[in-house]
Amino acid sequence: MKRNLLLTPGPTQVPPQLCAALGRPIIHHRTPLFQQYLKEATEGLQYVLQTKNDVYLMASSGTGAMEASVCSLLSPGDRAITVEGGKFGERWTELCQAYGINAEVVKVEWGKAVTADTIKGLLDKDKSIKAVFVTQSETSTGVTTDIAALGKVVAATNAVLVVDAVSGLGVEDLQTDNWAVDVVASASHKGLMLPPGVGFVSVSKKAQALMEKSTCPKYYFDLRKYKKAAGKTDTPFTPAIGIVIALVESLKMVKEAGLENLLQHYKRLAVATREAAKALGLALYADPACISNNLTAIRIPDGVDGGKVVKIMRDTHGISIAGGQGDLKGKIIRIAHMGCLDEYDILAGISCLEKTLKELGHKFTLGAGVAAAQKSLNP
Ligand code: PMP
């Protein structure tokens with residue numbers, strides 16, 4: 001029988017305790033019991049987000065939380081900056097376009113991160129810019145942006161900083177309050193180890209002031225509705241009740257493990273994966289200066305089809321990784337280290353990658369990747 005190991009950048013593995021929580025009988029949401037769950041989920045998210053800002057939960061995937069941020073903060077014709085260094089940065093631009101926002105697109109070479117100086121230059125030049133939209137961990141390239149540096153630059157202006165932390169949250173450090181991040185958009189199915197279904201945003205007072213003036217047409221994703229309901233420990237619409245209940249358990253697990261320890265854990269897995277790739281003669285895609293800890297993008301050697309690597313690992317061996325997106329289709333593979341994974345899951349993934357690459361004709365010493373990862377994990 002094949003296993004089903006998810007080394008994918010979302011959805012991630014759901015641990016048995018959370019599967020059990022997801023199986024609890026459904027309750028009605030306009031009840032004191034659900035209010036208690038909602039309160040605990042909100043407080044737990046504030047812990048992971050390292051913020052005292054309001055956090056609003058909605059029934060959506062991560063893109064819903066991103067869309068809510070765009071349409072609730074801005075008005076048609078407003079100026080904004082979007083940073084495009086991969087597929088998910090492009091999504092900010094597409095969302096802005098959908099709502100008639102006049103976005104200045106900062107194109108960043110894939111595999112690299114935007115610098116705070118670039119953003120400062122644009123903000124200095126155009127004081128009418130109301131928001132800067134950026135991706136913390138760009139899942140298509142394995143790059144993490146220095147959000148602390150951007151926070152310093154944006155906080156000195158009237159603009160708000162909006163961060164997509166859909167794949168980074170709970171895996172990479174995100175000090176929302178210390179770094180002056182106004183809005184963070186994220187979701188349940190990556191670092192928080194749950195199925196997709198809950199999207200959420202944290203919103204600073206500076207961003208809430210923008211919300212009051214926004215004239216974008218919207219209904220379900222109008223954050224003013226979520227704010228009003230949150231004031232009564234409620235949600236404006238039927239929430240994803242079962243996932244919110246399991247989220248309380250997930251956040252307890254995170255708190256018990258300790259956020260700082262978890263960040264170190266994922267870094268350790270990421271470093272081991274990078275060492276394994278190098279030992280197999282494979283190059284890393286991201287610039288080492290901004291390489292992320294939540295997923296490793298690995299270049300596939302010429303003559304080997306990256307799509308085949310993914311397919312064989314999944315269909316023959318039961319281990320799912322991700323392939324390249326857009327222009328990187330077939331050229332890279334992406335191994336995630338987020339959610340409920342330990343070192344033995346990573347070692348299994350590397351071992352399976354070796355077997356698959358051997359089959360596809362790549363030349364290396366079998367076991368070299370596993371040995372390098374073991375050495376990195378046990379120095
Ligand atoms: N942003 C990032 C960085 C992501 O990794 C993803 C999901 N892969 C999204 C946004 C979109 O999230 P969803 O698919 O949950 O809408």
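Counting only helical runs of four or more DSSP H residues, what would the 222 nm mean residue ellipticity of the chain come to if each run contributes -39,500 (n - 2.57) and the total is spread over all its residues?
Value at 222 nm, helices only, nearest 500: -13000 deg cm²/dmol.
For Lys205 and Arg24, compute 0.36 nm times the residue count separating them, minus their Cα-Cα distance, and round to one decimal in nm.
Separation in residues times 0.36 nm, less the Cα-Cα distance, equals 61.6 nm.
Which residues in region 18-39 have a backbone N closer than 17 Å to a point placed 7 Å from the Cα of Lys255 along the Cα-to-Cβ line?
Answer for region 18-39: 18, 34-39.
Taking 7 Å along the Cα-to-C-beta vector as the label spot, tell me the Gln325-Lys311 distance in nanometres, rounded to one decimal.
In this crude label model, Gln325 to Lys311 measures out at 2.1 nm.
On the accessible surface of region 212-358, probed at 1.4 Å, how many percent belong to carbon and sulfur atoms?
Values: 3240 of 6240 Å².
Carbon and sulfur atoms account for 52 percent of the accessible area of region 212-358.
Carbon and sulfur atoms: what percent of the 1.4 Å accessible area of region 1-149 do they account for?
54
Could you order peptides 91-103, 252-264 by the average number of other Cβ atoms within 10 Å of their residues, highest first?
On the way: 91-103: 19.4, 252-264: 13.6.
Ranked from most to least packed, the peptides come out as 91-103, 252-264.
Quick check: residue separation of Val105 and Leu33 times 0.36 nm, minus the Cα distance between them. What number comes out in nm?
On the way: separation 72, 0.36 × 72 = 25.92 nm, distance 4.53 nm.
Net length gain for the segment: 21.4 nm.
Rounded to the nearest 20 Debye, what is the dipole magnitude of region 16-256 about its Cα centre when Lys and Arg each give +1 and Asp and Glu each give -1 at the C-beta?
700
Just to check I understand the Karplus step: with θ = phi - 60° and J = 6.51 cos²θ - 1.76 cosθ + 1.60, what whole-Hz values come out for region 47-61, glycine and proline as x?
My calculation for region 47-61 gives 5, 5, 7, 6, 9, 9, 4, 4, 10, 10, 9, 9, 8, 6, 7 Hz in order.
From the backbone phi of region 101-118, what are the Karplus-calculated ³J(HN,Hα) couplings (6.51 cos²θ - 1.76 cosθ + 1.60, θ = phi - 60°) in whole Hz, Gly and Pro given as x?
In residue order, the calculated couplings are 7, 8, 8, 8, 8, 9, 7, 10, 4, 4, x, 10, 10, 5, 9, 5, 4, 4 Hz.
So how much slack lies between Lys112 and Ala368, counting 0.36 nm per residue of separation and subtracting their Cα-Cα distance, in nm? Each step should come with its number before you reach the end.
Details: separation 256, 0.36 × 256 = 92.16 nm, distance 2.82 nm.
Difference between extended and current length: 89.3 nm.
Provide the FRET efficiency to the nearest 0.05 for the Tyr47-Asp342 pair, computing r from the beta carbons and using R0 = 30 Å.
0.85
Karplus couplings for region 238-252 from phi (6.51 cos²θ - 1.76 cosθ + 1.60, θ = phi - 60°), rounded to Hz, Gly and Pro as x?
Per-residue couplings from phi come out as 4, x, 7, 3, x, 6, 5, 4, 5, 4, 4, 5, 4, 5, 5 Hz.
Solvent-accessible area per residue for the chain at a 1.4 Å probe radius, Å²?
41
Only bridges with both residues in the chain count here: give the DSSP antiparallel percent, nearest 5.
Values: 23 of 44 bridges.
In the chain, approximately 50 percent of DSSP beta bridges are antiparallel ones.
The values are calculated or read from the model by the stated rules, or taken from the named source; none is laboratory data. All values derive from a computational prediction rather than experimental measurement. Backbone-built Cβ (ideal geometry, glycine too); neighbour counts: all protein chains shown. These accessible areas exclude ligands, DNA and RNA; they are computed on the full protein's heavy atoms, side chains included. Shrake-Rupley method; radii C 1.70, N 1.55, O 1.52, S 1.80 Å.
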